Amino acid sequence: MKTMFFKNLARGFVIAGAVMALVSCDSSTAANDNQNTANPTAASPATDNPANPGDPTNPTDPATDPAQGGAGDPALNPADSAQQGTDSLVNPDDPWADPCVASSLPNACGDEPVHGMIDTILTSVSSSSEGITYPVPLSSSSASEIPASSAAEVMSSSEEAKPAVPKIFLANDKEEEKNYMEVEYKTNTGWDGEGILAYPKRLTDNPDQKHAVVVWGPGGGTQPSAYEGMIRRLASHGFVVVALKESPGNATQAIKALDWLDGLNKDSNSPLFGKLDMNTVGCSGHSMGGLESEQALIKDRRVLTAFLNNSGDWNGVGAMKVAADRTIAILYGEGGMERGNAENDYNNANVKAPACLIQMTGGKGTECYEVAPGRRECGYGHGSGSWDGMAATVAWMRWHLGGEEWRKADFVGTSGKYINGNIAGHDGKWKGQCKNF
């Protein structure tokens, strides 16, 4: 019996030794694996992913980009406009008469070379043991240094590190001076059959993500097609845009357009079915379209923000009616006839909403404004915001509808892109101020 006992005891020591050797071997292998993480393989750049909506390989729509052989936007091409004349854009009954393009007719997409934002390369490595994957930081730390924890705790920590999916779909590329995604552009549509509807051809397929809506209002007597550059730019950044056939300045057309879009969002036969966030809406427009936008912001709670281009309430009492939980911006040209209205609307002491007043200065043009007896100022005129300055509208909508809070520094403060920065691709500088932020 004693002999069998010691034989079994010896056999146990042999087995235990083998187990210890195996553990030691596994630990050595893990250490060697971690040494190999000093040069991990990088993941593909975000822009290489075919599911990535911000594809810089198609930055502009060829149909309207002269650089790609397109005809260009006739409203933004000086030669085309010279042939048709500016009278076709003018409504004599409009108090402003809307000489939208009298001073300058820039190419909507600019002449700069197209480029996307710098690709971000995300690198991750992992070490596995017994079927559990542990995230490993990019350092010389080995898997054996990870504190002991349950598998559930490790996986929970890994999941919490993942960024949340943005509520609103936007192009990954962020430069507001550029066009990005391909756009579906439909004319003779809208609730009255005379407007324009534009949206990205690649709509979101994530059920937890929607597209924000922008309503665009044309100037008095001006066809919505004159703003094709602005409409396409906004849609190429991820917004669904509906352009009105006209802007009476009382929000009636904007509200009907929103009701029409809401119907498409609920129509299973519509390409926009379930794609829109009808409570994340922005309104923008030129001249009378700016007044239409301001009134829609006041009267329709679906509208979160308004961006007025070369506009402003005639009596200076529009912005003061905007609720404190909405936002508004007014852009004007240094020589625009709207200058007094824009300044008076913003400067009203009863304005309680977060608001910005942005001026375009230093432009070259023929339209002048008398700022004092005998003193006339020329440069950016009544048509400046919707063409030379369209980037400001796009940036504002990406901030207030798309949730890009980092853009606040571009508008609010003492120094920033739309506070004292250069107007990209054009002469002059921005001159902005804000309050109630």
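The values are calculated or read from the model by the stated rules, or taken from the named source; none is laboratory data. All values reported here derive from a predicted model rather than from experimental measurement. Heads up, the Cβs are rebuilt from the backbone with ideal geometry, glycines too, and the neighbour counts pull from every protein chain shown. Please note that ligands, DNA and RNA were not included when accessible areas were found on the heavy atoms of the full protein model with its side chains. Shrake-Rupley method; radii C 1.70, N 1.55, O 1.52, S 1.80 Å.
Scanning residues 5 or more positions from Gly365 or on other chains, those with amide H under 5 Å from its amide H are Gly379, with H placed 1.01 Å from N in the peptide plane. Phi-derived couplings, Karplus 6.51 cos²θ - 1.76 cosθ + 1.60 at θ = phi - 60°, listed residue by residue for segment 317-333: 10, x, 4, 5, 8, 6, 4, 5, 9, 10, 10, 8, 9, 10, 10, 9, x Hz, with x used for Gly and Pro.
So what is the orientation-averaged projected area of segment 207-272, using the convex hull of its C-alpha atoms, in nm²?
Details: hull surface 20.0 nm².
For the Cα atoms of segment 207-272, the hull's average projected area reads 5.0 nm².
For Gly219, the amide hydrogen comes within under 5 Å of the amide hydrogens of His286, Gly289, counting only partners 5 or more places away or on other chains and with H modelled in the peptide plane.
Other residues with beta-carbon under 12 Å from the beta-carbon of Lys245 carry, at +1 per Lys or Arg and -1 per Asp or Glu, a net charge of -3. Rolled with a 1.4 Å probe across the full set of protein chains, the surface gives Leu203 an accessible area near 40 Å².
Across segment 245-386, the relative contact order, built from alpha-carbon pairs under 8 Å that are at least six residues apart, equals 19 percent. If both residues of a DSSP beta bridge must be in segment 304-437, then about 50% of such bridges are antiparallel. Between Ser225 and Phe437, what is the label-to-label distance in nm when each label sits 7 Å out along the Cα-to-Cβ direction? About 3.8 nm, to one decimal. Here the accessible area is traced with a 1.4 Å probe on the protein chains. For segment 330-437, carbon and sulfur cover 45 percent of it. Annotation: amide H of Glu334 within the under-5 Å range of Met360, Tyr380, sequence separation 5 or more or interchain, hydrogens built in the peptide plane.
Counting only protein heavy atoms and using a 1.4 Å probe, the accessible area of Phe411 comes to about 0 Å².
Using a probe of 1.4 angstrom and keeping all protein chains present, the accessible surface of segment 268-384 works out to 34 square angstrom per residue.
Can you give me the accessible area per residue for segment 185-261, using a 1.4 Å probe, in Å²?
On the way: 2420 Å² over 77 residues.
So segment 185-261 comes to 31 Å² accessible per residue, rounded to a whole number.
Ranking request for peptides 417-425, 265-273: highest mean number of other beta-carbon atoms within 10 Å first, then the rest in descending order. Spell out each step's value before the answer.
Working: 417-425: 17.6, 265-273: 12.6.
Answer by packing, highest mean first, reads 417-425, 265-273.
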